[in-house]
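Q: After the structure tokens below, expect a handful of questions from me.
Bear in mind these aren't lab numbers, they're just calculated from the coordinates by the rules spelled out. What you are looking at is a predicted structure, and each value in this text was computed from that prediction instead of being measured. When we count neighbours, we look across all protein chains shown, and the Cβ atoms used for this are built from the backbone with ideal geometry, even at glycine.
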Amino acid sequence: MEQLSKDVVKVYVWELPVRIFHWINAGAIMLLILTGLYIGKPIVGSTTGEEAYYTFLMGWVRYIHFFAAFLFTANMIFRLYWVFKGNSFVTTNVLRLAFWKEIFQTVKFYLLMKNRKPHYTGHNPLAQLTYLVLMGGGSIVAMFTGFYLYFEPQPESFFGKLFAWVPFLFGGSFSVRSWHHLMAWVFIIFIVIHVYLSFREDWLEKNGTMSSIFTGFKTEKKDKVETHGGEIQPMAGAAQKDAEHE
Ligand code: HEM
């Protein structure tokens, strides 16, 4: 934690692996949405009157979708690993009662009601829950339904058998595709709100939210650096690690 002035400090919030994960995730999801929506509704086709395989447009779009899908999956597995390796800003403990109390306070804050919402250097608990349900849960649904569809033509293969349970959970092969498609819209809505809230936070808090996803650092008032369990701790996460190295 670097002291910028008497009251303001620079806090290392997003470690390099988290930032790399974020941008690979953003790129892969953009590719998956664009190619996925095209696969579902091919708005343009070959402009020539020849056989489809001369242009192979749908073929290329599917290749890109599957390449991005494997990249997305590998990146997600890495992120799961980083939950255990990373600093305190990369994880959420939903089993803490204080977590749910703080969600309640955060909801009251957004509804302009009287609240006791503490200050957060990382994500507030409502944001953490949203990431967990939409990014975590949404990705799991997108991956399982996607891998089922991918291996559906080879039901006797190892991976075909590995994902054979998916249609039983989602209600048949056609429903699997519908759920997979629905996830694209969940991600689209998430991205719009996520980008809006990031700029909003950057503008209102003036704490370098936008640049933090490139550099890892946020600027904070010294006495307000991160809160866990409702208490204000002077240092946490990577800031703590930085302090240990000093
Ligand atoms: C954020 C993640 C993803 C999004 C937004 C996404 C989106 C889509 C969409 C919208 C479709 C078209 C569905 C339709 O209407 O027929 C599709 C098809 C498909 N996706 Fe994904 N997808 C994602 C991840 C994955 C993953 C991880 C896999 C795993 C291999 C995958 C494999 C497939 C397959 C096999 C198809 C069907 C292709 C075809 O019928 O030719 N997707 N995807």
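Q: Give me a comma-separated list of calculated 3J(HN,Hα) values for the stretch 153-170, in order, Karplus coefficients 6.51, -1.76, 1.60 applied at θ = phi - 60°, integers in Hz, x for any Gly or Pro.
A: Rounded to whole hertz, the list is x, 10, x, 8, 6, 4, 6, x, 6, 4, 9, 5, 6, 4, x, 5, 6, 9.
Q: Follow-up. Compute the Rg to Rh ratio over the stretch 1-80 from the alpha carbon atoms, using the Kirkwood formula for Rh, and round to two decimal places.
A: With Rg and the Kirkwood Rh in hand, the quotient comes to 1.31.
Q: Just the Kirkwood number for the stretch 159-226, please: inverse of mean 1/r across all distinct Cα pairs, in Å, one decimal.
A: Values: mean 1/r = 0.0645 Å⁻¹.
Here the Kirkwood hydrodynamic radius works out to 15.5 Å.
Q: Please compute the contact order of the chain in relative form: average sequence separation of alpha-carbon pairs under 8 Å and at least six residues apart, divided by the residue count, as a percent. Walk me through the numbers on the way to the answer.
A: Values: 251 pairs, mean separation 75.6, N = 246.
Averaging sequence separation for qualifying contacts and normalising by length gives 31 percent for the chain.
Q: With everything on Cα atoms, drop me the angle between helix 57-85 and the longest principal axis of the chain, reported from 0 to 90° to the nearest 10.
A: 30
Q: At R0 = 25 Å, how high is the FRET efficiency between VAL94 and LYS161 if r is their beta carbon distance? Nearest 0.05 is fine.
A: Values: r = 33 Å, r/R0 = 1.30.
Taking R0 as 25 Å, the efficiency between VAL94 and LYS161 is 0.15.
Q: Another one. Hey, what does the equivalent ellipsoid look like for the chain, semi-axes from the Cα gyration tensor as sqrt of 5 times each eigenvalue, largest first, whole Å?
A: Numbers: eigenvalues 328, 79, 63 Å².
Semi-axes, largest first: 40, 20, 18 Å.
Q: What number, rounded to the nearest 500 deg cm²/dmol, is the helix-based mean residue ellipticity at 222 nm of the chain, given -39500 (n - 2.57) per DSSP H run of at least four residues and division by all its residues?
A: Working: 11 runs with 151 residues, N = 246.
The per-residue figure over the chain is -19500 deg cm²/dmol.
Q: Okay, moving on. By how many degrees, 0 to 90 and rounded to 10, does the Cα axis of helix 97-110 deviate from the longest principal axis of the chain?
A: 90
Q: Sticking with this one: Roughly how tilted is helix 138-151, in degrees to the nearest 10 and between 0 and 90, from the longest Cα axis of the chain?
A: Result, in degrees: 20.
Q: Could you compute Rg(Cα) / (2.2 N^0.38 Å) for the stretch 58-204, with N its residue count? Walk me through the numbers before you get to the answer.
A: Numbers: Rg = 18.7 Å, N = 147, 2.2 N^0.38 = 14.7 Å.
After normalising by residue count via 2.2 N^0.38 Å, the value is 1.28.
Q: Evaluate the charge dipole of the chain about its Cα centre and quote only its size in Debye, nearest 20, assuming +1 on the Cβ of each Lys and Arg and -1 on the Cβ of each Asp and Glu. Working shown, then result.
A: Numbers: 22 positive and 18 negative charges, 139 e Å.
With Lys and Arg at +1 and Asp and Glu at -1, about 660 debye.
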